[in-house]
Amino acid sequence: MLLTNATIASLEDNDDFGLIHAGAIALGHDRIVWVGTMQDIPQAYEKLTKFDVEGRLITPGLIDCHTHIVFGGNRAREFEMRLNGASYEDLAKAGGGIMSTVTATRQASHETLLAQALTRVDALIAQGVCLIEVKSGYGLDQETELKMLRIAKQIAAERPIDVKTTFLGAHAVPAEYAGRADAYIDDVCIPTLRQAHAENLVDAVDGFCEGIAFNVDQIARVFDVAVDLGLPVKLHTEQLSNIGGSQLAAKYGALSADHVEYATDADAQALAQSGSVAVVLPGAFYTLSETQLPPIQSFRDHNVPIAVATDCNPGSSPLASILLAMNMACTLFRLTPHEALLGITAHGARALGVQDQGRIKPGMLANLCVWDVHHPSELAYRIGFNPIHTRIFRGSR
Ligand code: DI6
Ligand code: FE
């Protein structure tokens with residue numbers, strides 16, 4: 001296919017979205033083979049099937065690098081309780097929060113969980129998302145963690161989308177291990193990680209490093225197993241407080257540190273040294289009425305790449321719109337539209353350890369979005385509009 005008459009946000013330059021006006025993109029099978037201006041189209045590509053986009057904007061296919069999209073039930077009741085004064089942490093300590101989703105996820109069948117996840121996945125696909133990350137972490141027993149990961153993998157067979165799976169066994173301490181977090185890590189979390197890896201179900205390992213979840217020593221034990229298995233790590237950290245998670249993530253060369261509202265300038269420096277991405281999740285910030293802003297300027301100063309994701313989950317971020325996540329990243333966190341677009345493309349790819357997605361250049365996977373807009377800032381600026389025209393996944397419309 002040869003896409004012609006395009007405004008291309010290649011993201012190849014540091015300024016102005018790497019825009020190419022009057023551009024064209026040649027695809028060969030599932031890869032981008034050439035990008036340039038209409039005048040420079042090599043003769044060889046003139047015979048390809050043409051797709052005239054009539055001046056529309058083309059961006060890379062979008063990437064949602066942090067989701068918990070497989071889960072049972074919902075937490076609307078808890079939303080009400082929070083509006084009546086309960087805090088997220090109070091609900092978690094009272095056995096609600098993540099634990100109530102664990103109960104619902106354990107009870108639900110594979111088929112039900114898959115069908116419900118697919119409705120959310122479809123909403124993301126409809127906005128041009130071509131790659132999502134999906135975490136486990138609502139099972140907290142071997143059977144249910146494996147069930148979640150199998151469903152996550154199955155999403156890619158059911159829909160035109162790629163899925164990266166992340167093992168999040170260290171998400172919360174289940175009721176049956178209340179007060180025995182260390183025993184949970186040793187008896188359940190680590191053996192389940194080894195089993196999930198043996199079944200080829202894990203692309204990365206995550207944890208929730210927080211006062212209401214696991215401390216750095218407990219997460220480090222899980223990360224040591226990840227290292228042993230050759231798996232990259234990432235970490236939910238500094239979401240509600242700072243107990244040293246970003247420093248731990250940096251020590252393990254994590255792909256990313258996620259949430260990071262309570263991270264410091266020193267944390268940003270550590271993440272820069274480890275080459276980790278800071279993943280900001282404005283949907284969770286918004287839903288929890290958080291007021292502590294992530295240290296965006298420190299990330300900029302230290303050249304920490306910033307990614308943006310939905311965190312789609314039933315508790316802290318019931319959000320299945322990557323475009324709204326982008327808008328919120330700008331409005332709430334003051335990212336520029338260029339930074340926000342990088343956050344759901346190139347930097348999202350990097351947070352997943354994916355090298356051939358997120359920019360428009362030869363060799364990249366042919367995942368592209370054609371938008372009914374003229375300038376990329378329009379994607380971040382609108383609220384509740386979906387200007388997608390055509391989504392191209394692995395070279396196919
Ligand atoms: N932080 C989050 O925002 C998600 N997990 C986590 O560690 C949401 C968890 C939930 O409330 O269900
Ligand atoms: Fe999360």
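Data for the structure
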{"read-out": "Theoretical FRET efficiency, 1/(1+(r/R0)^6), r = Cβ-Cβ of Arg394 and Thr119, R0 25 Å, to 0.05", "value": "0.65"}
{"read-out": "Globularity index of the chain, i.e. its alpha-carbon radius of gyration over 2.2 N^0.38 Å", "value": "0.97"}
{"read-out": "Separation of the Glu54 and Glu199 label points, Cα + 7 Å toward Cβ, nm", "value": "4.9 nm"}
{"read-out": "Per-residue HN-Hα couplings for segment 170-180 [Karplus 6.51, -1.76, 1.60; θ = phi - 60°; Hz; x = Gly/Pro]", "value": "8, 9, 7, 8, x, 3, 5, 10, 3, x, 10"}
{"read-out": "Phe79/Gln297 FRET efficiency (R0 41 Å; Cβ-Cβ; nearest 0.05)", "value": "0.80"}
{"read-out": "Most to least accessible of Met99, Met81, Met148 (protein chains only, probe 1.4 Å)", "value": "Met81, Met99, Met148"}
{"read-out": "Loop sites in segment 7-58: GluC sites (Glu not before Pro), DSSP, at most 13 other Cβ within 10 Å", "value": "Glu46, Glu54"}
{"read-out": "Whole-Å distance, taken between Cα centres, linking segment 55-116 and segment 314-330", "value": "12 Å"}
{"read-out": "For segment 381-389, Karplus couplings with θ = phi - 60° (6.51, -1.76, 1.60), whole Hz, Gly/Pro x", "value": "7, 6, 10, x, 10, 10, x, 5, 10"}
{"read-out": "Gain in span if fully extended, Asp372 to Ala183, counting 0.36 nm per residue against the direct Cα distance", "value": "62.7 nm"}
{"read-out": "By accessible area with a 1.4 Å probe, ligands and nucleic acids excluded, highest first: order of Arg106, Arg75, Arg180, Arg397", "value": "Arg397, Arg180, Arg106, Arg75"}
{"read-out": "Rounded accessible area per residue of the chain, 1.4 Å, Å²", "value": "38 Å²"}
{"read-out": "From phi via Karplus (6.51, -1.76, 1.60), per-residue ³J(HN,Hα) for segment 269-276 in Hz, x at Gly/Pro", "value": "4, 5, 5, 5, 5, 8, x, 7"}
{"read-out": "Prolate/oblate/rounded call for segment 62-109, Cα gyration tensor, a/c under 1.5 rounded", "value": "oblate"}
{"read-out": "Sulfur and carbon atoms: percent of accessible area, the chain [1.4 Å]", "value": "49 percent"}
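The values are calculated or read from the model by the stated rules, or taken from the named source; none is laboratory data. Everything numeric in this text was worked out from a predicted model, so none of it was measured. Positions of Cβ are backbone-derived with ideal geometry, glycine not excepted, and every protein chain shown enters the neighbour counts. Remember, those area values only see protein heavy atoms, side chains included, never the ligands or the DNA or RNA. Shrake-Rupley method; radii C 1.70, N 1.55, O 1.52, S 1.80 Å.
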